[in-house]
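Note sheet for the following structure.
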Amino acid sequence: MTGIDRAAEASTFFDGTRLTIARQLAGLRKSQLAERLGKSATAVAGWEAGTKRPTTANVAQLAIGLSVDPGFFSVRPVELSTGTSVPHFRSLRSTSQLARDQASAYGLLAVDIAAAFERHVEFPEPDVPSFPVDASSGRPDEAASSLRKAWGLGSGPAGHLVRLLENHGVLVVFSTPQTSAVDAYSFECPLRPVVVLNPVKRDYYRQRFDVAHELGHLVMHRDSEPGGRVVEEQAHRFASELLMPASEIAADLPSAMNNQAWITLARLKEHWGVSIQALLYRARQLGQMSDVTYRNAMVTLSGRGWRRDEPGLVKTIERPSLLPHALEVLDGAGIPAVDVADQSRVPAELFDAITSRTPKEVAEPVVENRVTSARQVVSLLPRLATQDGTTRTEDSGSGRGGPQRQRS
């Protein structure tokens, strides 16, 4: 099928929400996309809202301008935008709306890929209990205890958290290095809940707390407004109870800090799979340690450089296996990765990132002015091959997976 044929087909079955996802992946506002295409903002808004249908030529322009296959804009079996919750981001103040939109679109892309896999393999059914916790009378510790019971965790450490979530139908993926300024986040959607992990936080102990924190949102905050201080504090308390049940750890936590206390904390860290910072927070939270002692301990941590890089025995982070294993199974059955990528119509570079067991290596994002910042939104869409076979990078991103995966 030629590019024009694919554009004509996509025009017939055009889904405006798919255009919204592609635009957000590129980090563009509607007005910016309209300017790039030489169209009016009203036209772009109409296409996204579904009140206007783009022509075959329009779809071809969109595909080139946003660096996706024309089929990316076609309807999907399940409407993901309906019934998908707003992601829980750690801080709305430090994350721009464009960055949040881009992260949301990336998460929906992960679900899209999972749906393509599920045409060939069977994934665990979603099984995340709901224990709503409101802002006034909520008890996050009770929600965490209820989850441990519902999932049969018993006593002791929670084990491999990422695998635990995947076994209960949660899709866990890494985001891309370009979005590393956005911390871990989670959301509900019609197919399955999703947790997206930060690609640069390569600390086993801190990552486990992130996973537990996001699980807390999925369990407690399905109908809560994301980003608020109370909601984030509740997720923090949920993670503490899930990873360090009060009834099992309180008596072991130190109340005063001396040489033996640091040895005790190091032992508890390895046993429960949490950071010393989390243990200190837990000791203060449970009343085992005074505020003054806690603050002094944190000052000591900072002085030793442990606020960012604590010593620990485990150097390898927990890794997702649901999508990577499915990829291996399908490859063994004669269905290569490129076929699944084509079926999902996802650019190859993003497909590789989402289905990877490990986060991609962090590289400096390429932007026109060569200056990056935490608030800058860099396109997640890949490079476009030029007529001479080389590649170039546009400020919105371009091309479908580079020259190595172009299709006729």
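Identify the single condition in (1) out of contact with any Ser or Thr (no Cβ under 6 Å at 6 or more places or on another chain); (2) open to solvent by 10 Å² or more (accessible area, probe 1.4 Å) that Ala22 does not satisfy, given that it satisfies every other one.
Exception for Ala22: condition (2).
If we only count helices (runs of 4 or more DSSP H) wholly inside region 1-89, which ones have 2 or more residues that are of a type in the set (Val, Ile, Thr) and either within 21 Å of the chain's Cα centre (by Cα) or more than 16 Å from Ala105 (Cα to Cα) (or both)? Walk me through it before giving the result.
Numbers: elements: 3-12, 16-25, 30-37, 41-49, 56-66.
In region 1-89, 3-12, 16-25, 41-49, 56-66 are the helices (runs of 4 or more DSSP H) which contain 2 or more residues that are of a type in the set (Val, Ile, Thr) and either within 21 Å of the chain's Cα centre (by Cα) or more than 16 Å from Ala105 (Cα to Cα) (or both).
Every residue, every condition in (1) of a type outside the set (A, V, I, L, M); (2) open to solvent by 20 Å² or more (accessible area, probe 1.4 Å), yes or no:
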| residue | (1), (2) |
| --- | --- |
| Asp69 | yes, no |
| Ser85 | yes, yes |
| Ala105 | no, no |
| Leu109 | no, no |
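Within region 185-209, work out how many residues are part of a loop (DSSP other than H, G, I, E, B) and basic (Lys, Arg).
Of the residues in that region, 3 qualify.
Answer with yes or no whether Arg29 is in contact (Cβ under 8 Å) with a residue 12 or more places away in the chain and open to solvent by 30 Å² or more (accessible area, probe 1.4 Å).
Details: in contact (Cβ under 8 Å) with a residue 12 or more places away in the chain: yes; open to solvent by 30 Å² or more (accessible area, probe 1.4 Å): yes.
When the stated conditions are applied, Arg29 passes them.
Do you know which of the residues in region 306-330 that are of a type in the set (A, V, I, L, M) and part of a loop (DSSP other than H, G, I, E, B) is farthest from the chain's Cα centre (by Cα)? Before you say what the answer is, go through the steps one by one.
So the first thing to find is which residues in region 306-330 are of a type in the set (A, V, I, L, M), and the list is 313-314, 317, 322-323, 326-327, 329-330.
Then keep just the ones that are part of a loop (DSSP other than H, G, I, E, B); that gives 313-314, 317.
Numbers: Leu313: 26, Val314: 23, Ile317: 16 Å.
Restricting to residues being of a type in the set (A, V, I, L, M) and part of a loop (DSSP other than H, G, I, E, B), the top hit is Leu313.
Report yes if Ala363 is loosely packed, with under 15 Cβ neighbours inside 10 Å and modelled with pLDDT under 90, otherwise no.
Here the answer is yes, as Ala363 does meet what is asked.
Residues that are over 30 Å from Leu171 (Cα atoms), open to solvent by 20 Å² or more (accessible area, probe 1.4 Å) and outside any loop (DSSP other than H, G, I, E, B): does region 331-340 have at least one?
no
Applying the selection to region 98-147, what residues are among the acidic types (Asp, Glu) and part of a helix (DSSP H, G or I)?
Asp101, Asp112, Asp141, Glu142 - these are the residues of region 98-147 that are among the acidic types (Asp, Glu) and part of a helix (DSSP H, G or I).
So Ala256 passes all but one of these: (1) part of a helix (DSSP H, G or I); (2) at pLDDT 95 or above. Which condition number does it fail?
(1)
I'd like the full set of residues that are touching a Pro at 6+ places or on another chain (Cβ under 9 Å), open to solvent by 60 Å² or more (accessible area, probe 1.4 Å) and of a type outside the set (Asp, Glu), limited to region 231-285.
Arg237, Gln260, His271
Conditions (1) outside any helix (DSSP H, G or I); (2) within 13 Å of the chain's Cα centre (by Cα); (3) buried (at least 24 other Cβ atoms within 10 Å of the Cβ), marked per residue:
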position	(1), (2), (3)
Lys149	no, no, no
Pro157	yes, no, no
Glu166	no, no, no
Leu215	no, yes, yes
Gly227	yes, no, no
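Just to be sure, is Glu122 acidic (Asp, Glu) and surrounded by 16 or more Cβ atoms within 10 Å (Cβ to Cβ)?
no
Being crowded, with 20+ Cβ neighbours inside 10 Å, closer than 20 Å to Val86 by Cα and either modelled with pLDDT of 95 or more or among the hydroxyl-bearing types (Ser, Thr, Tyr) (or both): is that true of Val194 here? Can you show your working first?
Values: crowded, with 20+ Cβ neighbours inside 10 Å: yes; closer than 20 Å to Val86 by Cα: yes; either modelled with pLDDT of 95 or more or among the hydroxyl-bearing types (Ser, Thr, Tyr) (or both): yes.
For Val194, the condition - crowded, with 20+ Cβ neighbours inside 10 Å, closer than 20 Å to Val86 by Cα and either modelled with pLDDT of 95 or more or among the hydroxyl-bearing types (Ser, Thr, Tyr) (or both) - is met.
What residue, of Ala57, Ala49, Ala41, is closer than 30 Å to Gly228 by Cβ, without any contact (Cβ under 8 Å) to a residue 60 or more places away in the chain and surrounded by fewer than 17 Cβ atoms within 10 Å (Cβ to Cβ)?
Working: Ala57 fails: closer than 30 Å to Gly228 by Cβ; Ala41 fails: closer than 30 Å to Gly228 by Cβ.
The match here is Ala49.
The values are calculated or read from the model by the stated rules, or taken from the named source; none is laboratory data. It should be emphasised that the depicted structure is a prediction, and the values quoted were computed from it without experimental measurement. Ideal geometry is used to build each Cβ from the backbone, glycine not excepted, and the neighbour counts take in all protein chains shown. When the accessible area is computed, the model is the full protein with side chains, heavy atoms only, and any ligands, DNA or RNA have been set aside. Shrake-Rupley method; radii C 1.70, N 1.55, O 1.52, S 1.80 Å.
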